[in-house]
Amino acid sequence: MLGTLLLLLVLAKPVCLSPAGAVSQRAEALKRLLEVFGMEDPPPTPAHFKQPPQYMVDLFNTVANADGVTKNPDILEGNTVRSFLDKTRSEKMRFLFVLSSVAKNEKILTAELHLFRLWPRATDGPRRHHFCQVSVYQVLEKSEPDAPGGKKLLAARLVSLQGSGWEVFAITQAVRDWTEDESSNQGLLVTVQSLGGSPLDPPPLQFASSRDHHESKKPMLVLFTDDGRRGASLPVAGFPGGSHTPWHGPLGAAIPLPLTGPRSTRSLDRLQPCQRHPLSVDFEEIGWSGWVISPRGYNAYHCKGSCPFPLGENMRPTNHATVQSIINALKLSEGVSSPCCVPDKLYSINLLYFDDDENVVLKQYDDMVAGSCGCH
């Protein structure tokens, strides 16, 4: 997967081509780069400025550093987190989340309803209770949710009548039902009752609505999913080594990397020992800054240099590379080249972005940054 990012070298420094050829090559390179990120087409830039939910921004900062590189691979459940805002814009505590952007191959691991609890209303006298019961129901009958059989209880608990803040309710099974049968998604209903179970009117506790409150407090559905995409295990085959031969990427097409710079410079590169070098990926440069929220770019790094005999421990050789180096040096077999300088440790990165429906998505991509290089 990291090898595909070397296409950015094609984007940044094209070989001598006609204008039409350069445009075609750039389009092909961007298409293949999108496929690395699991997309066929780039999501459109939101028509108006949109502030991403603070929860998603905080989650990104917890999972990744400023460059998007994963801090700890065990923090995130699955490899995708999707957020959806309520579409009803209703005063009542009815919520509807449109899940059409969830791919069929995504496995729903956890689904959470996030509601922002407002400061309680002032009362004329002392409160009888300091808690109330909040229940979340899956609506089964769109027109009559309060009729018998019109709703199904998903979660219920006591909530304090003091202070304000986010309340999170697990509703995983309901969301799994909706993704299997989109027509079954009739939304959610939230009720507030006394400790004895009787309705309270007006309710002493209210949640922010999608119509009357700031974007940062709007009801939100958060899905933790896994799309099954996983990186290749190391050692990684297929990365260009000491020569500029075509690299056969995961899509199977040979993509020759351009030879840039004077021949003497390239010869000097081959004399340098195998080591890691910077490889900047700038999302603004390639036209993705409109829909990518974070990071603005990152350093993918790449491996370059020679693996001469004898291979020292600093070159992190495998046993196979050591044997190959010896056979090559002693000319014991024809056609055996010296080992190649390739990544021997790869890190994942995280992308926070707007999808086609302007929902904010956090996605983790394996094998995107060369952590170290070795002779293989």
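Can you figure out the FRET efficiency of ASP356 with GLU28, using R₀ = 25 Å and their beta-carbon distance, to the nearest 0.05? Let's see the in-between values first.
Values: r = 22 Å, r/R0 = 0.89.
Computed FRET efficiency for ASP356 and GLU28: 0.65.
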Sum of side-chain charges, ASP355 neighbourhood, beta-carbon under 14 Å (Lys, Arg +1; Asp, Glu -1): -4
What does the extension gain come out to for SER333 and GLU144, with contour length at 0.36 nm per residue minus their alpha carbon separation? 60.0 nm
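Mind checking the full-extension length gain between LYS345 and ASP181? Use 0.36 nm per residue of separation minus the Cα-Cα distance, one decimal, nm. Kindly include the intermediate steps, with their values, before the conclusion.
Working: separation 164, 0.36 × 164 = 59.04 nm, distance 4.15 nm.
Extending this stretch completely gives an extra 54.9 nm.
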Obtain the nm distance between the two label points defined at LYS104 and HIS320 by a simple spin-label model: each point lies 7 Å from its Cα along the Cα-to-C-beta direction. 3.7
With label points built 7 Å along Cα→Cβ from the Cα atoms of GLN173 and ASP74, find their separation and express it in nm. 3.0
Round to the nearest 0.05 the FRET efficiency obtained for ASP41 and ARG157 when R0 = 45 Å and r is the Cβ-Cβ distance. 0.60
So which aspartates and glutamates can LYS104 reach, going by Cα to Cα under 17 Å and dropping same-chain residues fewer than 8 places off? GLU40, ASP177, GLU180, ASP181, GLU182, ASP226, ASP227, ASP355, ASP356, ASP357
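FRET efficiency for PHE131 and GLN54, Cβ-Cβ distance as r, R0 = 25 Å, nearest 0.05?
Working: r = 27 Å, r/R0 = 1.06.
Plugging the Cβ-Cβ distance into 1/(1 + (r/R0)^6) gives 0.40.
Rule-based calculations on the coordinates, nothing more; no lab input. These numbers were taken from a predicted model, which means no experiment stands behind them. Positions of Cβ are backbone-derived with ideal geometry, glycine not excepted, and every protein chain shown enters the neighbour counts.
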